[in-house]
Structure formats: structure tokens, C-alpha cells
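What follows is a set of notes on a single structure, which appears directly below.
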Amino acid sequence: MSTVKNFEELICWKKGRELTKEVYKALKNCNDLGFKDQIQRASVSIISNIAEGFERGTQQEFLNYLFIAKGSAGEVRAQLYLALDIGYLNIETFKYLNGLSGECSRLIQSFSEKVKAGSRRGLQYKHIQRSDPTKELIKKAAPEAWKRAHPNKQF
């Protein structure tokens, strides 16, 4: 299994991006600016929280942000019902967007379970090999002894 290097590789982020784009397109002509702003901000929150959590560098923070992103997907889904009820969306568009938001939620849940089960705690906990101070003293105080002890290493 390969390691994900950036959040743009995550399937849940890609699906959230698609949902956000489609929400913006579907409500482009909506005159209810308060409603439009709220659902758009909730959809943007999905991908923003996935990205921010990924960049935080710890498993626990990433999980926290994934759960916030999942909550935002639920918020979008709830607002889609209102948009349908009020007449801002037709049934076909509602079904499409509702399916995307549900898929986002499932992908985030599945991914968060994999992150939770993973053994990596994050970059902030990565073990960095430190040089031995005794070796550094020997290098400086007795360079000839160092060269004899480590013939293949550069001084």
C-alpha cells in the first residue's frame, strides 16, 4: 500500500471537490443569498477540513478534521432537502447532489476508519535519528582514530 503524499490524492477530497462544484453550478441563479451562501460554505467546508486535517501532521488531528468534514457533508445533505422543498432544485438535480453528498460522507467515514486503524501517528511524531555526541567529540578531538574506526565514512 502506498503512502498518500498530499490531500489532492484522497478520493474523499476529490468527491468533495466535485460536490462543491456541482452545488455552485446548481444554485448559480438562486436569489436567496443567505441560503445559497450557507450551502456553498458547507460544501467548501468538506474539502477544506480534509485538506487542513491532512496538513496538520498528526493522526488525531486528521481524524478530528475528517469528522468535521463528514458533518459538513451531512449539513449539505440537509440543506439539499430544503432546496428541493422550497423549489430551488428540481428532483433530478436534488437526487444527483444528494447522491454525491452521501457518497462524500461514506468515503470520509471509510477513510477515517482506515486512518484510525493505521499505525502511523503522523509527521509530528516521526522519529529522527540524532547523531551521538560522543562520536562528534571523537571526530574533533582524535580525527585519526575516527578515520581508523570508520574508514568508509567521510570526515
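Assorted remarks:
- Entry remark, segment 12-51: residues being part of a helix (DSSP H, G or I), surrounded by fewer than 16 Cβ atoms within 10 Å (Cβ to Cβ) and of a type outside the set (K, R) number 6 in total.
- When R56 is tested against (1) within 10 Å of the chain's Cα centre (by Cα); (2) buried (at least 22 other Cβ atoms within 10 Å of the Cβ); (3) not polar (S, T, N, Q), exactly one condition is not met: (2).
- For segment 59-75, filtering for residues that are crowded, with 16+ Cβ neighbours inside 10 Å and touching a strand residue (DSSP E or B) at 6+ places or on another chain (Cβ under 9 Å) leaves 3.
- Residue within segment 83-91 that is at positive phi, assigned to a loop (DSSP other than H, G, I, E, B) and in contact with a helix residue (DSSP H, G or I) (Cβ under 6 Å, 6 or more places away or on another chain) present: no
FYI, it's all coordinate maths here, none of it is from the lab. All of these numbers come straight from a predicted model, not from anything done at the bench. Positions of Cβ are backbone-derived with ideal geometry, glycine not excepted, and every protein chain shown enters the neighbour counts.
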